[in-house]
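The values are calculated or read from the model by the stated rules, or taken from the named source; none is laboratory data. Given the structure is predicted, the values throughout are model-derived calculations rather than measurements. FYI the Cβ positions are ideal-geometry reconstructions off the backbone, even for glycines, and counts take in every protein chain you see.
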Amino acid sequence: MIPALPADAIRSALDAGDWDAAAALMRDHEVELRKTVETEGADHSALLALLHAQQAFLAELTATRDETAAALGRLGRDKRGVQAYLAGG
């Protein structure tokens, strides 16, 4: 049986800022998936479902990254604005 993507556990680790745990969860899933495919073969529909789950999770991570980059950009602009205001006052 194809192992399910541990997206919730990865999400929790990322939310907690535990990058090592998130990476370990992804690595462990890959190892388990490879072992399953090598020993049991693979049901194509199960692999396709996993691929869709991975693509959806990647899209979520990409959107979060983009939102974070935009927020950091706004924060930098705001900081520069405050510094200019204080320097001029």
Completion exercise
Contact list, first residue from region 2-20 and closer than 16 Å to T68 by Cα, second anywhere and at pLDDT 95 or above, beta-carbon distance below 6 Å, six or more apart or interchain, is L14/A22
Problem - In region 8-51, residue surrounded by the fewest Cβ atoms within 10 Å (Cβ to Cβ) [restricted to those that are modelled with pLDDT of 90 or more, assigned to a loop (DSSP other than H, G, I, E, B) and of a type outside the set (D, E, K, R)] - result: G17
Handout entry: L5 vs. criteria at pLDDT 95 or above and either in contact with a His (Cβ under 7 Å, 6 or more places away or on another chain) or loosely packed, with under 15 Cβ neighbours inside 10 Å (or both)
Key = yes
Problem - Every residue from region 1-51 that is of a type in the set (S, T, N, Q) and within 20 Å of L61 (Cβ to Cβ) - result: S12
Handout entry: Members of region 14-41 found to be among the small types (G, A, S) and farther than 17 Å from A53 by Cβ, listed by number
Key = A16, G17, A21, A23, A24, G41
Completion exercise
Across (1) part of a helix (DSSP H, G or I); (2) at pLDDT below 95, Q54 clears everything bar (2)
